[in-house]
Amino acid sequence: MSTVALKDVTKIWPDGTVAVDKVDLEVRDGEFLVLLGPSGCGKSTILRMIAGLEDPTAGSILLNGESVAELAPRDRQIAMVFQDFALYPHMTVAGNIGFPLKLSGVESGPRGERIGDVAAALGIGDVLARKPTQLSGGQRQRVAMGRAIVRRPGLFLMDEPLSNLDSGLRAELRTEITALTRELGVTTMYVTHDQAEALTMADRVAILRGGVLQDVGTPTEVYGRPATLYVAAFLGSPRMNLLEASVYVHLDRYVVLDLGEQVLYLPWSDIRARAIARYHGERIVVGMRAEALTPVAPDAPGDVLRGRIRYLEHHGHESLAFLDIGATAIVVDEAGKGVADAVPSGGALSRVGGALQRLAGRSDRAVRERPEAQRVSVLSDPGRHHRRPAEVAVRLAPYPAVSPGHSLAVGVRMDALHFFDERGDRIDVGWR
């Protein structure tokens with residue numbers, strides 16, 4: 001059994017930089033949890049604090065319900081796999097894998113058996129006599145994993161172990177890693193900036209931004225019902241279309257979402273309509289993924305958006321059309337600010353950026369209420385604002401019979417839309 005719990009964990013570097021900000025997170029026994037986010041968001045720092053390589057500035061870290069504050073790294077029953085393999089170049093593969101056992105005083109006979117078993121499971125049994133310089137990148141990463149596995153730890157910590165490999169090998173190894181960790185039943189925390197790795201490998205995903213925990217949930221939950229505007233923008237390829245919309249309510253009939261040159265009608269029978277009606281006369285953010293949009297005939301009834309194709313991207317199995325529908329895009333950068341493109345500094349939706357710098361985290365089942373003092377608004381830090389028309393991504397068949405400049409109408413699945421308030425929080429009734 002191995003569980004991990006972070007309780008209000010904060011890490012502040014000597015220069016005052018907040019690397020991790022009041023993170024609450026629990027990892028269950030045998031779970032594969034992925035920490036996802038851009039570079040510099042605090043993912044690796046969290047792993048290093050759990051391993052004992054860094055001390056938290058505040059908060060507590062619990063392993064199996066017990067604080068590790070007084071435990072040395074070697075006493076935490078943790079194995080760590082690094083991005084750069086960190087192999088000993090003068091040792092053979094067998095020597096690298098067996099080194100932790102040698103340090104622990106395991107005799108050569110049992111040590112050799114365990115090395116052979118681990119090497120066979122990882123498919124490197126035939127290279128045990130080679131040095132690391134004689135191995136491919138994939139083989140070296142397998143050796144690094146073998147060195148971690150051979151210790152039979154209670155917890156695996158993996159810090160972007162596949163980022164130095166080519167895409168084909170990454171896909172192969174991530175399948176092997178998930179299969180192996182599940183077979184061993186060992187609790188695993190895996191750090192990556194690659195959303196494909198996170199969504200395909202994880203039991204649950206924890207998304208970080210600027211040291212703040214944004215959302216935690218299964219891959220289906222964080223993709224299908226993102227807690228924040230940042231999570232919505234970060235996950236998915238192509239990225240979610242995020243559009244500014246003004247809200248006008250016609251009681252007991254529908255809610256009008258005015259996108260600028262076109263409108264959508266959310267029927268009053270939709271359970272979300274009453275939550276959105278609270279924003280009558282205000283502006284919100286409407287998110288729509290490419291799969292929520294379907295090309296239709298120009299005169300098709302229902303909720304339809306019409307525009308002209310700005311440009312096309314061909315991906316072999318499909319094409320992406322980027323459509324100008326006369327709407328305004330909401331841009332969310334990865335560094336910590338959101339930009340309401342068409343809103344002048346200090347406008348209503350200029351506050352979206354502040355939402356994405358909020359100072360509190362989220363649990364996987366409920367949105368925590370944040371003290372008003374912690375609700376940062378970009379009204380006091382407006383950042384960059386500029387006007388840019390939205391380019392709505394629509395999936396088409398491979399090499400369609402259209403080209404830039406052509407008109408295109410798309411039907412909108414209203415039940416697949418996402419709604420966010422000016423602070424970047426999801427507008428919803430209940431939570432997952």
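The values are calculated or read from the model by the stated rules, or taken from the named source; none is laboratory data. All values derive from a computational prediction rather than experimental measurement. Cβ coordinates were reconstructed from backbone atoms using ideal geometry, including for glycine residues, and neighbour counts include every protein chain displayed.
Name the one entry in Val263, Val249 that is more than 18 Å from Gly411 (Cα to Cα) and over 19 Å from the mean Cα position of the chain (by Cα). Let's see the steps before the verdict.
On the way: Val263 fails: more than 18 Å from Gly411 (Cα to Cα).
Criteria check complete, one pass: Val249.
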*asked:* Please go through the stretch 49-61 and give me each residue that is within 16 Å of Asp75 (Cβ to Cβ) and either over 24 Å from the mean Cα position of the chain (by Cα) or modelled with pLDDT of 95 or more (or both), ordered by number.
replied: Met49, Ile50, Gly52, Leu53, Asp55, Ile61
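Got a sec? Which of Glu221, Glu172, Glu183, Glu176 is of a type in the set (Asp, Glu), free of Cβ contacts under 8 Å to residues at least 12 places away in the same chain and surrounded by fewer than 20 Cβ atoms within 10 Å (Cβ to Cβ)? Even if it seems obvious, please write down each step before you answer.
Details: Glu221 fails: free of Cβ contacts under 8 Å to residues at least 12 places away in the same chain; Glu172 fails: free of Cβ contacts under 8 Å to residues at least 12 places away in the same chain; Glu176 fails: free of Cβ contacts under 8 Å to residues at least 12 places away in the same chain.
Among Glu221, Glu172, Glu183, Glu176, only Glu183 is of a type in the set (Asp, Glu), free of Cβ contacts under 8 Å to residues at least 12 places away in the same chain and surrounded by fewer than 20 Cβ atoms within 10 Å (Cβ to Cβ).
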*asked:* Within the stretch 200-318, considering only strands (runs of 3 or more DSSP E) that don't extend past its boundaries, which have at least 2 residues that are hydroxyl-bearing (Ser, Thr, Tyr)?
replied: 241-250
*Can you name every residue in the stretch 4-23 that is among the acidic types (Asp, Glu) and surrounded by fewer than 19 Cβ atoms within 10 Å (Cβ to Cβ)?*
Asp8, Asp15
*When Asp24 is evaluated against the numbered criteria (1) acidic (Asp, Glu); (2) out of contact with any helix residue (DSSP H, G or I) (no Cβ under 8 Å at 6 or more places or on another chain); (3) at pLDDT below 95, which criterion, by number, is the only one it fails?*
(3)
*Which ones in the stretch 390-429 are part of a strand (DSSP E or B), among the charged types (D, E, K, R) and either at pLDDT below 90 or assigned by TED's automatic domain parsing to the domain that holds Arg283 (or both)?*
Arg395
_Selection count, the stretch 138-169, where residues are modelled with pLDDT of 85 or more, closer than 15 Å to Asp117 by Cα and part of a loop (DSSP other than H, G, I, E, B)_ = 1
*For the stretch 399-420, what are the residues that are farther than 17 Å from Asp270 by Cβ and either surrounded by fewer than 21 Cβ atoms within 10 Å (Cβ to Cβ) or touching a Cys at 6+ places or on another chain (Cβ under 8 Å) (or both)?*
Tyr399, Pro400, Ala401, Val402, Ser403, Pro404, Gly405, His406, Ser407, Ala409
